Every structure is written in structure tokens, then in C-alpha cells.
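Right, I'll just put the structure down here and ask away after.
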Amino acid sequence: MNLFSHTDRTSPASAFKKQHIAMAAWALSISLWHSAVSAAMESESLLSAVSSPLPEYGLVMAPDGKSAVFARKSGTWGSRGTRSELYVTRLQSNAWTPPVLAFPGMADNDDPFFSVDGTKLFFTANRLVNDEPQPDSDIWIADYAEDAFHNPRPLERINSTATEYSPVQTADGTLYFASTRNGGLGAGDIWKSQPRNGAFQEPENLGAPVNTAGGEWNVFLPPRANYLIVEASGRPDAKSTNGDLYLHRLGANGWERPIALDHVNTTGSDLMPRLSPDGETVYFTSTKSLGSPDAEIYAEKTNDFLVSGTPAGQPRLLVVSRSNHEIVALDPITLDILARYPTGPGPHEVSASPDGKTVFAPNYGVYPKPHKDPILPSQMQFTSEPSDTLSRISLAGGVDHTRFSICSRSHGVATSPDSHVWVTCQNEGLVLELDGMSGALVKSWPAGDMGSHILVTTNDNRYVIASNVDAGSVSIFDRSDGSVKTVKTGKGAEGLALTPDQSHVWVGNTQENTISVVRVHDGTHIHKFSSQGRFPVKMKMAPDYSETWVVNTFSREIAILDAQTGAFKEKLAFDTPPLGILMSPDGERLYVSFPRVNEIRAFDRLTRNEVARTDGIMEGDGMAWVTTVH
């Protein structure tokens, strides 16, 4: 039996696949090119000479390229009671010498940086001054001549009673550094001091947008000072609690808004990028993951390093974290976490504007009690708080989060091709049509039943469809004539999936474990069949009409059904309940959230095999695609 008639069964153009093939080809060509360049081999040789079982960080090369200084800790990264010491290695006979202490007998020094002319080394130290112990770290300077450092001393007119670190000098002699001194915007800020008549002047705070109410801990600028990279913590889109790297370019009116270097940032500590003398290579430090006992120094071509996050036009997978009140952006291939965007309380669904610049999430206010560790379904406890807002997160030119007051218990969200935003008002039985830019109400659509929950829109901008979970129905809104058709489907109508040609919608009836098929243009309920499991909450159909993946949460399974007939094909069983599901635009991958264990897993649709997994998405639910825009 064929459930519906249609003429076009051709799979749409696979932009998703083509983009990643192009990326893979590009990466391969760059890799081959790197292998032929002697500078890359020199970087490998330098890093090999520097590396040891202990954490190393902050490598900087002398302007003549013949020496390199770095810091090495005496114990594991982040542990107390350890000290840092500066080491130097030198290039002799095309090989880097084994590192030796730069300042023998003097402990707790780090953050090295050569002066522009290479005759001095700036660094930070915490040691005796005039035989008095110093409670903070200060910026010091030492002369460098004949392959040795001489006369280390505190830098005059720069240090305060607070902590100073990360000194960097640009070609005009200006010294940039970080400090926790009073007069800043946050816990740590970036400052600068310009030289005049051979002496540094009173430091000036760089202000916003470089400094924020969070913390800015390390800084780097190239000699021309045409861009700035800062290690910062406490920002809304941070991947790590320790610190991520952000790029500010110098514009006509000063420093531009920050861009997260998402391809470099990890969940660990990422810090201290430094340029090679020829400007072709960036050396930077990363622990790669939160809690890692080690820190390593890495090298990357400068042009690659300065790519501002995920390249424009490449897709990101967005997932709502209900219990952590945020939207998390993932790489769709590796599932690496790229960014986190805070929302209001308890979002369940997310949608992106057609141009990929804006993300919307209703703040439902009802969510599982937060849990960092996996839990059993029996251990889950829901909590609730008042909430009547819609979060709008702009990704263009930075991250901007705005909340609009709409209605209480707004759950579902969708964006139509005209960039209008549609949200469900569950308690009122309404669907609101909003202007995506201003949040202004365009029209309030009565659903005809209570419990409006999930939304989908057709590509032709004509129909919006809402499931009404309390009433067991769907409402079809026809924008061409303003009509509403409400169709009874089954108890607990919730999940919706449009067929690829947009002619029919599948409805998951969660309280009776069935799937209904409704024709969109006239609201005819044409068929009902078993969901092949318990609580069919969400589903996705392949673009070639071959099959539909149905999430049966209570039976901890995904049932794969024939998209033409609804006949059972296969089941995937899990040890924990699945919930959210999204298919890649080319139909090759499925992404499934497993909220009790805080995981997202990716599956190859043809082989059914799991191909990627990530954790750290607390109580993940709805998902959407967005195109990165910077």
C-alpha cells in the first residue's frame, strides 16, 4: 500500500555532502603543501626539542629565529604547589639544542616575549625583590646578548600591587599585558603602555569590546598590531570554563567585536599564540580537554590559525540543552563542541532563520533537574519556573542574545521562508506569528485545540502545522487565506515530520503508540499505523522517501519504517532513552540526543552504525541546522 501519491522522488542536491568533500579536498591539498615546506619541518623539529613529560607553554622565538624560550611546569597542569621555569633552546647546525634553564636558580618565571629588536626578554616572575617576598606576579625584563640572559629586573612603571602577566611588545614599542589591577572591567583585563623618552607611560585599559565583565588573561598582537588575540573566560559562547581564544581585528573605529577561534578552542585551556619571526607559523598552547594533566605547544600555519571559526557557509548542528539553559553548536562530522549560547530557562526546541544568521528558542521553563553524570530514567525529576520569553541569538558579527516576552509555556518554534518566527503557546492553544527582527506580533492564530506543542513549516511559505498534545490533534494554518484546519489524529499528538515533497505530515501519537498520516492541503487523515514502540515522540524522513526513523522514547528504541507504506523495516535498541532526532540534508546521517546520559550520537543511515558521539550536552532535546556567519 502506498500512503500518498507524489511525482518527485529525486533526492535534493547534497550541499551538505559537497561542502565537506570540498573541505576534505582543501585540507588534503594544504597537508601535502605543508609537507613540502621546510618551515613546517623546522616547526616539527622545534616542538620535538621542547616536548617533555611535563607541561610546556608560551613558546616564543627570538626575532633572528635562532633561539626560542618557553615555560615548563614542575608538575601537572592546574595543580597547586608547582612552579614554572623558563627554558631556552637554540638552533645550531640546523638542529635545536636540548633546552636549558634561562635563569638558573630563579624559580616561578613564565610568559616570555622578546622585544622587537631582540635585545631584551620580557617575562613574568614571582620572587624576591630587594629581599622582600612579592605576593603577586610582576612583569620583568632581562638583557639578551651572546646567547645568554643578563640582569633580570622588574619593569618600571608597569607593575602594580595586583598580578601582571602576558607581556607583548609591538613594532612601535607599545607594551600590551594583562592585569588584575583595579580600574578594569572584569576579573582580569588587557592594558597597554606606550613608550616615551625611553620609559613606559602610565598603563591604559583597552576597554570594550576587548575587555568584558568576565576575565581576559593572556594577549597577543603581531608587530603591526592589526589584530589582537585574547584568552578570555566567562563569555556566553565559551567552550571552556578555563579560557578560549578570541580574535579582534583592528577596524577604522578601533577594535572590532570578538570572533571565537572555534577551530582552535577546546574544552580545556587554550592560550598564548605567538608568531614565528617570518610570520608564517603560530605557536600556541592547549590542554585539549578540561582536567587534562598536560599542556602541549602546537604549531599551525598563520592563515589557517586566523580563520575566524567555522568557515562561512559550513553547517553547524545546534542542540538545545534543557537543563543547562543553552544552545550548543556542534561540528556535524566530529560532534566537537564549537560554541555554547545561553538562553532562558528550559528551552526544548530550536530553529534557525533561512539565512543562517539568527537562532530562536522558546524558553519553556519546565526542564529536568540538572545532572552532570548519567542517570536512570527513574531518577529524572522535572522542575519548573515561570517563563514567557523567546530567545533570539544573532550570530552575525558576534553573538547577541535578546529575549522577547511572548506567552507562558511556549514550546515549539519554526521559521518560515519569509523569516517570520512561529511559536506555540501551549496553555492558550495559540500559535503566534512574529517578526524575526523586532519580535513584534504579526498575527495570533487560534489552534482550535489546547496544548499546541511542535511546529513545522512548508518550504513554499504557505502552511504552518502545529501538534496539539493535550487534544490529540494537529492544526494546519493556511497563510494564503488565513484558514485553520484542526484534525484529530490520536492521543498525545506530538512529533511531526513533513514528507520531502511537503504534501503530507506524519504525526506521532505518543499516548497510543501510533503514527497518523495527514494530507496537508485539505487536512485529510488518510492512515494510521503502529509506531513499533512506545511513545513515538519525534521522527525524521529520508529525502529519497525510502524510510522514516521514529524515536520511541519509552521503549528505548528507534523504529525504522518504510516511508511509502509505514511497514516495519528495522529497530535500533539502546540502553538509555533517545529523544531528539535530526537528519543531515543529504539524508546520510542521523543525529540523536540521549538526555539521561547527556550525549549526542551520530549514525550512518545506510549502515545503521554509530559514527560519532559527544557528551556535555545536558538533557539535549531539539536540534536544527544553522550556517555559520561571522
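The values are calculated or read from the model by the stated rules, or taken from the named source; none is laboratory data. Computed from a predicted structure; not experimentally measured. For neighbour counting, all protein chains shown are included, and Cβ atoms are generated from backbone atoms with ideal geometry for every residue, glycine included. Accessible surface areas use protein heavy atoms only, side chains included; no ligands, DNA or RNA. Shrake-Rupley method; radii C 1.70, N 1.55, O 1.52, S 1.80 Å.
I'd like the full set of residues that are within 36 Å of the chain's Cα centre (by Cα) and of a type outside the set (Val, Ile, Thr), limited to region 527-543.
Listed by number, the residues that qualify are 531, 532, 533, 534, 535, 536, 538, 539, 540, 541, 542, 543.
Oh, and also: I'm checking my understanding of the structure. Among residues of region 388-412 that are modelled with pLDDT of 80 or more and in a loop (DSSP other than H, G, I, E, B), which one is surrounded by the fewest Cβ atoms within 10 Å (Cβ to Cβ)?
Here the residue is 408.
Looking for something at pLDDT 85 or above and at negative phi - is there at least one such residue anywhere in region 31-44?
no
Matching residues to (1) open to solvent by 70 Å² or more (accessible area, probe 1.4 Å); (2) among the β-branched types (Val, Ile, Thr):
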| position | (1), (2) |
| --- | --- |
| 384 | yes, no |
| 415 | no, yes |
| 421 | no, yes |
| 429 | no, no |
| 436 | no, no |
| 443 | yes, no |
| 446 | yes, no |
| 452 | no, no |
| 464 | no, yes |
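Quick one: which strands (runs of 3 or more DSSP E) lie wholly within region 468-543 and hold at least 2 residues that are in contact with a Leu (Cβ under 7 Å, 6 or more places away or on another chain) and of a type in the set (A, V, I, L, M)?
504-509
Counting just the residues of region 576-620 that are over 21 Å from residue 537 (Cβ atoms), aliphatic (A, V, I, L, M) and over 19 Å from the mean Cα position of the chain (by Cα), which one comes out least open to solvent (accessible area, probe 1.4 Å)?
611
Counting just the residues of region 68-87 that are at pLDDT below 95 and among the hydroxyl-bearing types (Ser, Thr, Tyr), which one comes out least open to solvent (accessible area, probe 1.4 Å)?
By that ranking, first place goes to 84.
Taking the residues in region 435-469 that are among the charged types (D, E, K, R) and under 35 Å from the mean Cα position of the chain (by Cα) as candidates, determine which candidate is modelled with the lowest pLDDT.
Per the stated criteria, the residue is 460.
Name the single residue, out of those in region 248-271 being open to solvent by less than 30 Å² (accessible area, probe 1.4 Å) and out of contact with any Asp or Glu (no Cβ under 7 Å at 6 or more places or on another chain), that is nearest to residue 114 (Cα to Cα).
269
Take the residues of region 304-343 that are of a type in the set (A, V, I, L, M) and modelled with pLDDT under 80: which is most open to solvent (accessible area, probe 1.4 Å)?
Per the stated criteria, the residue is 312.
Being touching a Ser or Thr at 6+ places or on another chain (Cβ under 6 Å) and within 19 Å of residue 229 (Cβ to Cβ) is the filter here, so list the residues in region 201-216 that pass it.
214, 215, listed by residue number.
Also: Among the residues of region 351-369, how many are part of a loop (DSSP other than H, G, I, E, B) and open to solvent by 10 Å² or more (accessible area, probe 1.4 Å)?
The number of residues fulfilling the criteria is 6.
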